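A.B. asks: The following block contains the structure, expressed as structure tokens.
The values are calculated or read from the model by the stated rules, or taken from the named source; none is laboratory data. Just so we're clear, the structure is a prediction, and the values are computed from it rather than from any experiment. Cβ atoms come from the backbone with ideal geometry, glycine included; neighbour counts cover every protein chain shown. To get the accessible areas, we keep the full protein, side chains included, count just its heavy atoms, and leave off ligands, DNA and RNA. Shrake-Rupley method; radii C 1.70, N 1.55, O 1.52, S 1.80 Å.
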Amino acid sequence: MASESEPGHRRRCCAHDTPDGPKAAEPQSDSSGPRRCSLCDRHCAIINNVQGDLSDLGCHLHCPRVPPAMCSPSCCQQHLDEVCESCMMKTTLTAENAVEANKLSNNYKFGFKKWKSHVTARPWEDRSEIVKELYSDLNVIRSSGGSTMTCGNVLYLLLFGWWLSLLYVLLAAVMLLTIVGAPYGQLCWDLAGYFLWPFGKVIQKVEVPKSRRALGACEASTEACGTGETSPLLSGQMPHRWHPRCWADTKHWQRAGTVVWLCLGYPVLVLAHGLVCVTAWLLIVLIPVAKLSTRTITSVLLQPPEQVLIRRLKMTEVPLEGEVILCCYHAVNLYYYKYAVDGINVFAVNLLLLVLVTLVLGYVDSHNHLTSSSVKFTLALLSVMPLSYYIGMAIASISAQSNFAVGAVVNATFGSITELTFYITALIKGSREGNRCYAEIVKSALTGTLVGCVLFVPGLCMVIGGIRHQEQRFNSRSAGVSSALLFLSVGGVFAPTLFSKVYGKLVCGECHNVTQNPLGHYLCHNCHFDLMDNNGTLYYSHVQPLVYTVSLLLPAAYLIGLFFTLKTHSHIYDIHISDCHMPGHHHSAVVHWSRWQALVILLLSTLCMSACADLATEHINPILTNSTISQYFIGVTVLAMVPELPEIVNGIQFALQNNLSLSIEIGNCIAVQVCMLQIPILVLFTIFYPTNFMLVFSDLHVYASMFSVVLMNYIFMDGKCDYFQGTVLVMVYFILLAVYFFAPSPSGC
């Protein structure tokens, strides 16, 4: 059995042990104290995960291995502080199965991004009725469907119902004129009324009786077919059809009418319903209409016409027998934002169309005949969001199905691929054009990511989580490790900048004598420290070696931090994976993506990300030259925060679950990777591919970054926070954005 202090190990809950179950273990003599049962785990879960407050805790939660009836108030008082302090020092995470537990354990380690996506399918019986309804087929008859006169159903009528019904009427006339397709004409006529208002109606497949299928029986029953007959199954008169028993003796696909239908009517309806399906799917809340159209194409329109029966549910007095093909009550369901396809959220699925449009427009319309450069830049930047989601999902899937070493390599390699692809393509383009503005944009984006992840991400999570929870607690020691490493990384990144301020030569673009005296005061503009004076002796002999030294020390410090938190001081991240939140349920994990499938998706997403980054840098120049907004502001906002939107959503979800430790770690890990991985990689890239990128930042970047790290460290000292402290962080972030907005553009841009 794994030791108590081993991070990421799974603990079995013993809250459900019966009196006849295993006896408690004997007290051990080690100095770590008595081993606590899962009662303490439940205590910690309430603090970290459960949406309740500490007042809900009973005395029995604080007394290990003592029955609640024997627990005295003095016992509660004695163990209260000890247990609470222990719970504040560890993080209890809840996992449905071993795969999810492995993902949580591997991805919570220091320095890795916290991917929120589930990599396994949740058991069907554990889902809510609302979610079950989202995945149900439209062939279930409810006992009481409620009123069908709703705003969503009226919206269907206005968007799709009227023209679908008109199309079916036209096709009914065409099929009737063909004579042999007359049964399909009758079917189209019936479906015209159905699709005008399909709610509260049912399409049923009726089996034709085997008796009297011969031709003579058909001729003898012509009168019965013409006058109609009653059926107890349908509790009413069977609608008139074109002698269905006469058609029943011939195979459906060998009929001349079926061939005419497949050539004239069916292709038109496939196009119409396909258009309805795509439109409804993109609108998400109308996905029931998309299911309705899909089931019509694949099932209803391919049935023999004499076996398709359309009835109103209110006319049915007895339960329907036979196969129900379609039964729809509502066109709109607002909960479809939770819908997922193979574990992928429906929004991410729909945004793949945006990626496709971006790539087609970007590489086909290279001369901007269809759209402008601004539109292409916007589309390329927005395409980064779904690709970041797929990259994160693939990393989480690989990490969940692998050991920690493999997960760490994949996370460290691809965790920053989104930002690095944009930075490298921008530096390459700036080097080819001889434009140093691209290097300044990259520096602004790096600073914007650092400031946003230190102030905005945790601040927003505190505000949203504080609305639901009055006070939230987090692991202050783990946050302290990240804060200390941020101090180190910020100091290392800006050390060349401070060096250049001390030893560089101040050069100004334009100076005016204010007093008209040669010895008087001068007013200068566009001043900067020149490092290339005397053939760049200062830069090449002093600044550049310092940059290389810092670029080696920062990754080394990152590795030391990993060794510290994962090996020697793993108790700081005392992670406990609890699988007892659903008593009596033990399900085998069904993984959405296998390791190879996740690897293929990861590589394809990275390739598409590189293409979108190339398009963004290709079309950003008109925005930089024609926009009146400072390039500083564009870099620290749009280019820095748009790729981090999936991480912001993850942090908010963790905060709503009262798991603020993960929300804070999301911002800290991104900031640490910016300083200790991304910047050294960019410096390493400039060695092999010379660019205009120098690790010397403007004063504004230095002051904003240092102030942000100091403020974050001050807020995180006590290990607890509320919405007010989060508001402070967010407001400071917006103040810095205002400073960047009104700041002049970098010199030379």
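A.B. asks: Condition check: in the same structural domain as residue 495 (by the TED database), under 25 Å from residue 550 (Cβ atoms) and either free of Cβ contacts under 8 Å to residues at least 40 places away in the same chain or surrounded by 16 or more Cβ atoms within 10 Å (Cβ to Cβ) (or both). Does residue 675 satisfy that?
C.D. replies: It is true that residue 675 is in the same structural domain as residue 495 (by the TED database), under 25 Å from residue 550 (Cβ atoms) and either free of Cβ contacts under 8 Å to residues at least 40 places away in the same chain or surrounded by 16 or more Cβ atoms within 10 Å (Cβ to Cβ) (or both).
A.B. asks: Being among the β-branched types (Val, Ile, Thr) and either within 25 Å of residue 379 (Cα to Cα) or buried (at least 24 other Cβ atoms within 10 Å of the Cβ) (or both) is the requirement here; does residue 681 meet it?
C.D. replies: Working: among the β-branched types (Val, Ile, Thr): yes; either within 25 Å of residue 379 (Cα to Cα) or buried (at least 24 other Cβ atoms within 10 Å of the Cβ) (or both): no.
No.
A.B. asks: Right, next: With the requirement that a residue be open to solvent by 30 Å² or more (accessible area, probe 1.4 Å) and over 29 Å from residue 99 (Cβ atoms), what does segment 376-424 give you?
C.D. replies: 378, 379, 382, 424
A.B. asks: Can you tell me how many residues in segment 350-363 are under 21 Å from residue 646 (Cα atoms) and crowded, with 18+ Cβ neighbours inside 10 Å?
C.D. replies: Matching residues across segment 350-363 total 3.
A.B. asks: Looking at 471, 440, 433, 419, which is the one that is touching an Asp or Glu at 6+ places or on another chain (Cβ under 7 Å) and either at pLDDT below 80 or among the acidic types (Asp, Glu) (or both)? Give the steps one after another, and end with the answer.
C.D. replies: Numbers: 440 fails: touching an Asp or Glu at 6+ places or on another chain (Cβ under 7 Å); 433 fails: touching an Asp or Glu at 6+ places or on another chain (Cβ under 7 Å); 419 fails: touching an Asp or Glu at 6+ places or on another chain (Cβ under 7 Å).
When all the criteria are applied, what remains is 471.
A.B. asks: Residue 371 fails exactly one of the following numbered conditions: (1) more than 26 Å from residue 345 (Cα to Cα); (2) in a helix (DSSP H, G or I); (3) of a type outside the set (D, E, K, R). What is the number of that condition?
C.D. replies: Against the list (1) more than 26 Å from residue 345 (Cα to Cα); (2) in a helix (DSSP H, G or I); (3) of a type outside the set (D, E, K, R), residue 371 comes up short only on (2).
A.B. asks: Would you point out the residue of segment 710-719, among those that are open to solvent by 70 Å² or more (accessible area, probe 1.4 Å) and farther than 30 Å from residue 552 by Cβ, that is modelled with the lowest pLDDT?
C.D. replies: In this case the residue turns out to be 718.
A.B. asks: What are the pairs, 6+ residues apart or on separate chains, where a residue within segment 619-640 that is under 17 Å from residue 705 (Cα atoms) has its Cβ under 6 Å from a residue that is of a type in the set (Gly, Ala, Ser) and not in a helix (DSSP H, G or I)?
C.D. replies: Within 6 Å, the pairs are 632/743.
A.B. asks: Examine segment 172-183 for a residue that is surrounded by 15 or more Cβ atoms within 10 Å (Cβ to Cβ), more than 20 Å from residue 333 (Cα to Cα) and β-branched (Val, Ile, Thr), and state whether such a residue exists.
C.D. replies: Scanning segment 172-183, I find at least one residue that is surrounded by 15 or more Cβ atoms within 10 Å (Cβ to Cβ), more than 20 Å from residue 333 (Cα to Cα) and β-branched (Val, Ile, Thr), so the answer is yes.
A.B. asks: Hey, another quick one. Given (1) in a strand (DSSP E or B); (2) open to solvent by 60 Å² or more (accessible area, probe 1.4 Å), where does residue 366 come up short, assuming only one miss?
C.D. replies: With respect to (1) in a strand (DSSP E or B); (2) open to solvent by 60 Å² or more (accessible area, probe 1.4 Å), residue 366 is out only on (1).
A.B. asks: Which ones in segment 686-697 are part of a helix (DSSP H, G or I) and open to solvent by 50 Å² or more (accessible area, probe 1.4 Å)?
C.D. replies: Listed by number, the residues that qualify are 687, 688.
A.B. asks: Can residue 726 be described as over 26 Å from residue 396 (Cβ atoms), open to solvent by less than 20 Å² (accessible area, probe 1.4 Å) and in a helix (DSSP H, G or I)?
C.D. replies: Answer is yes for this residue.
A.B. asks: Ok, one more. Are any of the residues in segment 661-669 open to solvent by less than 10 Å² (accessible area, probe 1.4 Å), touching a Ser or Thr at 6+ places or on another chain (Cβ under 6 Å) and at pLDDT 80 or above?
C.D. replies: Looking through segment 661-669, at least one residue is open to solvent by less than 10 Å² (accessible area, probe 1.4 Å), touching a Ser or Thr at 6+ places or on another chain (Cβ under 6 Å) and at pLDDT 80 or above.
A.B. asks: Is there a residue in segment 171-190 that is more than 52 Å from the chain's Cα centre (by Cα), at pLDDT 65 or above and among the hydroxyl-bearing types (Ser, Thr, Tyr)?
C.D. replies: Within segment 171-190 (the criterion being more than 52 Å from the chain's Cα centre (by Cα), at pLDDT 65 or above and among the hydroxyl-bearing types (Ser, Thr, Tyr)), the answer is yes, since at least one residue qualifies.
A.B. asks: Somewhere in segment 698-709, is a residue open to solvent by less than 10 Å² (accessible area, probe 1.4 Å), in a loop (DSSP other than H, G, I, E, B) and more than 17 Å from residue 498 (Cα to Cα)?
C.D. replies: Looking through segment 698-709, none of the residues is open to solvent by less than 10 Å² (accessible area, probe 1.4 Å), in a loop (DSSP other than H, G, I, E, B) and more than 17 Å from residue 498 (Cα to Cα).
A.B. asks: Please find, among 329, 363, the residue that is assigned by the TED database to the domain that holds residue 387, within 36 Å of the chain's Cα centre (by Cα), of a type in the set (Phe, Trp, Tyr) and on the phi < 0 side of the Ramachandran plot. Show your work before the answer.
C.D. replies: Details: 329 fails: assigned by the TED database to the domain that holds residue 387.
When all the criteria are applied, what remains is 363.
A.B. asks: Looking at this structure, is residue 337 outside the structural domain of residue 278 (by the TED database), of a type in the set (Ser, Thr, Tyr), open to solvent by 80 Å² or more (accessible area, probe 1.4 Å) and out of contact with any Gly (no Cβ under 6 Å at 6 or more places or on another chain)?
C.D. replies: no
A.B. asks: Taking segment 628-648 on its own, how many of its residues are out of contact with any Phe, Trp or Tyr (no Cβ under 8 Å at 6 or more places or on another chain) and open to solvent by 40 Å² or more (accessible area, probe 1.4 Å)?
C.D. replies: Number of matching residues: 3.
A.B. asks: Something else: Inspect segment 202-212 for any residue being small (Gly, Ala, Ser), at pLDDT below 90 and buried (at least 17 other Cβ atoms within 10 Å of the Cβ) and give the result as yes or no.
C.D. replies: Looking through segment 202-212, none of the residues is small (Gly, Ala, Ser), at pLDDT below 90 and buried (at least 17 other Cβ atoms within 10 Å of the Cβ).
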